[in-house]
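> Just passing along the structure, written as structure tokens.
Just so you know, all these numbers are worked out from the coordinates, no wet-lab data involved. These numbers come from a predicted model, not from an experiment. Every residue, glycine as well, gets a Cβ built from its backbone with ideal geometry; the counts of neighbours run over all protein chains shown.
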Amino acid sequence: MAKVKVEFQDIALAFGSTAVLRNISLAIEPGEFFALLGPSGSGKSTLLRVLAGFAQAKAGRVLVDGKDLADVPPWKRDIGMVFQNYALWPHMTVHDNVAFGLEERRLPRSEVRRKVAAALELVGLADLGARRPSQLSGGQQQRVALARTIAIEPKVLLLDEPLSNLDAKLRVHMRAELLALQRKLGVTTIFVTHDQEEALSISDRVAVLDAGIIQQVGTPIELFDHPANPFIANFVGTINLISGTLKAGPDAMQFESEALGSIALGSMPATAPGKAQIAFRPHVVTLADAAAPAGAGLIWIEGRIAAREFLGEFIRYTVKAGKAEIVADQAHYTGARSYTPGEAVRLGIQPQQIRVLAR
Amino acid sequence: MSRRFTLPQAALALVIALFLLVFLVVPVATVVFVAFTNSDGSLTLAHFRSFFQLTLMRESFYNSLYVGAMSMLASSILALPLAYFTARFQFRGALAIQTLGVLPLIMPPFVGATAMQLLFGRSGSLNLVLGDWFDLNLPIMEGLNAVVFIEALHYFPFILLNLTVALNNIDSAMEESAQNLGASGARLFRRIVFPLALPGYMAGAALVFLKVFDDVATPLVLNVTNILAAQAYFRISSIGIDDPIGYVASVIMVIASMAALWGSTWVMRGRDYATLQRGGSSLATRKLGPWQALLAYGWIALVLLLVLSPHIGLVLLSFSKMWSFTVIPETYTLANYAAVFRDSPFMLWNSLVYCGIAAGLDVLIGTAIAYLMLRTRLPGRQLLDMVASAAVAIPGLVLGIGYLRTFRGFDLPFTELPFVSFWLIIAFAFTVRRLPYALRSCVASLQQVHLSMEEAAENLGASNRRTVFRIVVPLMAGGIVAGFVTSFLTAAVEISATLMLVSATSDAPASYGIYLYMQSIVGRGPGAALGVITVLLVGVGTYASHRIMRARSMRFETLQALK
């Protein structure tokens, strides 16, 4: 299967007076497993529907393999889409569902049969062709939907919240399977999700959408380590965000905030002085007894434990420090020191783990 | 859907619009126009003035309102307890109540009217027995009350069915929270349960009023002529197509029907329907106490007996040689059936053809309008739906009169035959009359088809048209079949429009034949025989279609539940 590139150029779309997509430009590389991540109402599904031909952009172009799709109706696009609710036709058997697209392409009967069998084999449902969709479990229905789409060997594979209707365990299993299948087929794949864990865990690259605007595009690690703005910082993983002012100190940058007072950030940030936010992840915070000596190399803040949640692998503490509440995750293992609410503690933060975001 | 609509869709809409225009809008508009104009075409209210100056017309007007309102009331009295029993109690009578809900509907009231007179009339079976034993005579079948009695007995299922559905849709949490706050028993029912089910009741009650107001055959069979429908019929059929009084009566009938429909929605304005939330359960049912059981089963038995009496009477009449002044006929014969099979099998055939054409057209138009309305953004698509649905408020008699007036002077192409005496016009009248029911059925079934079903097909390479035929229509099949069956079966017992439009006996459908037979004493026997045959066929058809539908819906149920 030839791998193709997908490009969105300046896509704009509105429902009535509500802008849904604002000047979206995005290029998805051939063979990439690409995620569109965003909260509900961010426009991510709409963007997918523009590509499939079910929504008409007001402005902009969609190019697949360099060709403009503007005048191509949905049924001639060769862009396979797996729907969120699977959209399996209840009046047809599994076999007939999968055969549908091949029949519409007027393939000879023997060819249809062969390809249906191959597609069902690929998703591990070779024996269930005679069943009706209503006789399958949720996971099986999802596989049928997938088989139905890949049977036509689409140029691009679109997955609209493909895992949202499955239970938690199955979701984790299926996402690994999806990735394996995509690698095997090599087809350029775009999938939409509101679940950041899902997006980060399996995609090559992720575009985060909010309010119809692409907030950031990057690999999962780039998004996590270098969020472009407070929205990304908050949406991808958990983070501590503190607003204040950045000032040039005598030998290092000073961050002054109402919440934490003045702290020295070291020489790290290349950001211009002015209003800013600092951001750091809960797991880079070290907790120590109030009386313990302050080790060098860390920024130390005094605080008091306000609440704690036991999450198995770690304990998530909410620490009151000045006027701020800081979330700190401490790895948990048998015999690890734990703190109780009310206890006075010190918080140690590595300066190089702090991101400064302009406001 | 990316485009607003395609050319074929627009063409389809145009064809349907044209059909509705020619066979619904223009005829009704013509009737209204004639009622309000002088012969020279100038607007006038003079016809209305002379209408209300005629004592007979004034009396007919009040009588019609009286019969309509009283039938509504009597139907409610029959239906309310039955609906309440099914919704509230664990109950073995479910089958009996279901039967009660269908039996009267498969037989139009005029068919059983004669038999009812023989059972409940002044010298009918009941009064003969009562006279012997207690020297008592109940005037059940006297004048207008006879009409009310028979109409209520036939149309109460409209209230029963609608109300039962509405009651079953009430979330038990609604009731439980009221109980939690201290309400119980009758107060609970009056303050919470019944108000929540009111939309169902109102819809049913409005239908009863419409049906009764529209019915011309039953009063005529019972020799009651001083009501509007009968007067409109007489005026047009005996005085002539130009008599304005008949048109005034028609306009008043249309206004009353619309007022009933509008009134039932007006009462419900600003109220929320009580629909069952997902995951909610319907009202809890309780065990019947001994006294309650006696009351409940007693009432059901009584209603069942009343409901069955026209059927029983009709069967007796169809086998009787003579039946008068005796409790049951004294001599039996098969001659009536022989007469029917000799003289009138063509009427059954006519019924089959007309109703087949009407039901076929209804589901075609219904499916098309449903698709245009829900799946395209064709301008005017809502108007199509509104006009087609409005037919529900047009009495059959009025439609018939409209056809006669509108198409007079038109000849059938290539012949000298007047268009109004062409049999197809009867089928078209049936089509228009039953369209609202088929349309609702089609719309409801398309609403249940998730849009992604169609998008998935397009995504996999099926064009618009292919998607309609391979996905949309098969998924709507349940609703389409239901619509076809309802249209067919209800058209089979239609009489009001038929009465106006049949111009030659050879074109008459079975329902008209029954009516004709019943006009004379000697015709009663064969009329009853034809009635029994028709009711049997309709009943078997209803039963079979229910069976088919149930088998079909079982297959889809599991998947529907997932969505």
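> Got a sec? How would A:V217, B:V303, B:V15 order by Cβ neighbour count within 10 Å, fewest to most? Before the final figure, lay out each step's value.
Working: A:V217 18, B:V303 21, B:V15 11.
Least to most surrounded, the residues fall as B:V15, A:V217, B:V303.
> Could you list the square roots of 5 times each eigenvalue of the Cα gyration tensor of chain B, that is, the equivalent ellipsoid semi-axes, sorted largest first and rounded to whole Å?
Values: eigenvalues 263, 235, 117 Å².
Taking √(5λ) for each eigenvalue gives 36, 34, 24 Å, largest first.
> Another question about this same structure. Got a sec to turn the phi values of the stretch B:52-66 into Karplus ³J(HN,Hα) couplings, 6.51 cos²θ - 1.76 cosθ + 1.60 with θ = phi - 60°, whole Hz, x for Gly and Pro?
7, 7, 7, 4, 4, 5, 4, 4, 4, 4, 5, 4, 4, 4, 4
> Distance in nm between label sites at A:K3 and A:S243, each 7 Å beyond Cα in the beta-carbon direction?
4.4 nm
> Related question: Using a 10 Å cut-off around each Cβ of peptide A:103-111, what is the average number of partner chain Cβ atoms that fall inside?
Mean partner shielding for this stretch: 2.
> With r as the distance between the Cβ atoms of B:A301 and B:I239 and R0 = 60 Å, compute the FRET efficiency 1/(1 + (r/R0)^6) and round to 0.05.
0.80
> Please report the net charge: other residues with Cβ closer than 13 Å to the Cβ of B:A178, K and R +1, D and E -1.
Surrounding charge for B:A178 is 0.
> From the phi angles alone, apply the Karplus equation (6.51, -1.76, 1.60; θ = phi - 60°) to the stretch A:229-241 and give each ³J(HN,Hα) in whole Hz, x where the residue is Gly or Pro.
So the Karplus estimates, Gly and Pro as x, are 7, x, 4, 4, 4, 6, 7, 9, x, 9, 8, 9, 10 Hz.
> So, one more: So what is the 222 nm mean residue ellipticity for the protein assembly as shown from helices alone, if each DSSP H run of at least 4 adds -39500 (n - 2.57) and you divide by all residues, rounding to the nearest 500 deg cm²/dmol?
-17000 deg cm²/dmol
> Something else: Any idea which of A:A199, A:G342, A:A290 is furthest toward the positive side of the dipole for chain A, if Lys and Arg beta-carbons carry +1 and Asp and Glu beta-carbons -1?
Checking the options against the dipole of chain A, the answer is A:A199.
> What is the antiparallel percent of DSSP beta bridges lying wholly in the protein assembly as shown, to the nearest 5?
80 percent
> So which aspartates and glutamates can A:K275 reach, going by Cα to Cα under 18 Å and dropping same-chain residues fewer than 8 places off?
Qualifying aspartates and glutamates at Cα under 18 Å: A:E256, A:E258.
> List the residues whose amide H sits under 5 Å from the amide H of B:S320, counting only those 5 or more places along or on another chain, with H placed 1.01 Å from N in the peptide plane.
Sorted by chain and number, the residues that satisfy this are B:T333.
> Let me ask another. Over what distance in Å are the Cα centres of the stretch B:49-124 and the stretch A:322-338 separated?
If you average the Cα positions of each part, the centres end up 77 Å apart.
> How do B:M476, A:M174 line up, fewest other C-beta atoms within 10 Å first? Don't jump to the answer; show the numbers that get you there.
Values: B:M476 26, A:M174 18.
In order of increasing Cβ crowding within 10 Å: A:M174, B:M476.
> Ok, one more. Using modelled backbone amide H atoms (1.01 Å from N, in-plane), which distant-in-sequence or interchain residues come within less than 5 Å of A:R308's amide H?
Amide H to amide H, under 5 Å and 5 or more residues apart or across chains, A:R308 pairs with A:T318.
> Summarise the partner chain shielding of B:470-477 as one whole number: the mean count of Cβ atoms from other chains within 10 Å of each residue's Cβ.
Partner Cβ neighbours, averaged per residue: 3.
> Hey, what do the phi angles of the stretch A:14-26 turn into as Karplus ³J(HN,Hα) couplings, whole Hz, using 6.51/-1.76/1.60 and θ = phi - 60°, x for Gly and Pro?
Result, rounded to whole Hz: 9, 9, x, 9, 8, 6, 9, 10, 10, 6, 7, 10, 7.
> Which distance in nm do the two modelled labels at B:F414 and A:R131 give, with both placed 7 Å along the Cα-to-Cβ direction?
Going by the 7 Å Cα→Cβ label model, 5.7 nm.
> Taking every residue in A:71-79, how many Cβ atoms of other protein chains lie within 10 Å of its Cβ, on average? If you can, show how the numbers build up before the last one.
Details: counts 0, 0, 5, 13, 10, 3, 3, 3, 1.
Taking all residues of A:71-79 together, the mean is 4.
> Using per-residue counts of other Cβ atoms within 10 Å, averaged over each peptide, order B:175-181, B:334-340, B:353-359 from highest down.
Working: B:175-181: 13.4, B:334-340: 17.7, B:353-359: 22.7.
Answer by packing, highest mean first, reads B:353-359, B:334-340, B:175-181.
> Now for a different question. Treat every Asp and Glu Cβ in the protein assembly as shown as -1 and every Lys and Arg Cβ as +1, leave all other atoms uncharged, and give the resulting dipole magnitude about the Cα centre to the nearest 20 debye.
Dipole about the Cα centre, nearest 20: 660 debye.
> Quick one: in the protein assembly as shown, what % of C-alpha pairs are over 47 Å apart?
When every Cα pair of the protein assembly as shown is considered, 46 percent fall beyond 47 Å.
> Can I ask one more? Which order do the peptides A:349-356, B:400-407 come out in when sorted by mean C-beta neighbours inside 10 angstrom, highest first?
Per-residue mean Cβ counts within 10 Å order the peptides as B:400-407, A:349-356.
> Something else: Place the peptides A:5-17, B:62-74, A:221-233 in order of packing, highest mean first, counting for every residue the other Cβ atoms within 10 Å and averaging per peptide.
B:62-74, A:221-233, A:5-17
> Just the number, please: Stokes-Einstein D of the stretch B:336-563 in µm²/s, Kirkwood Rh from C-alpha pairs, 20 °C, 1.002 mPa s.
Calculated translational D: 110 µm²/s.
> Need the list of lysines near A:K58 for cross-linking: C-alpha distance under 30 angstrom, and skip anything on the same chain fewer than eight residues off.
In chain and number order, the partners are A:K3, A:K5, A:K44, A:K67, A:K76, A:K155.
> While we're on this one: Amide H neighbours of A:D210 under 5 Å, counting only residues 5+ apart in sequence or on other chains, H built in-plane at 1.01 Å?
Here the answer is A:Q215, since their amide H atoms fall under 5 Å of that of A:D210.
> Additional query: 7 Å from Cα along Cα→Cβ at both A:K58 and B:A46: what's the point-to-point distance in nm?
For the pair A:K58/B:A46, the computed spacing is 6.0 nm.
> May I pose another question? Run down the lysines and flag those whose C-alpha is under 23 Å from the C-alpha of A:K169, throwing out any fewer than 8 positions away in its chain.
Within the straight-line cut-off, A:K169 pairs with B:K563.
> What is the angle, in °, between the Cα long axis of helix A:168-185 and the longest principal axis of the Cα atoms in chain A? Nearest 10 is fine, range 0 to 90.
On a 0 to 90 degree scale, this one is about 60.
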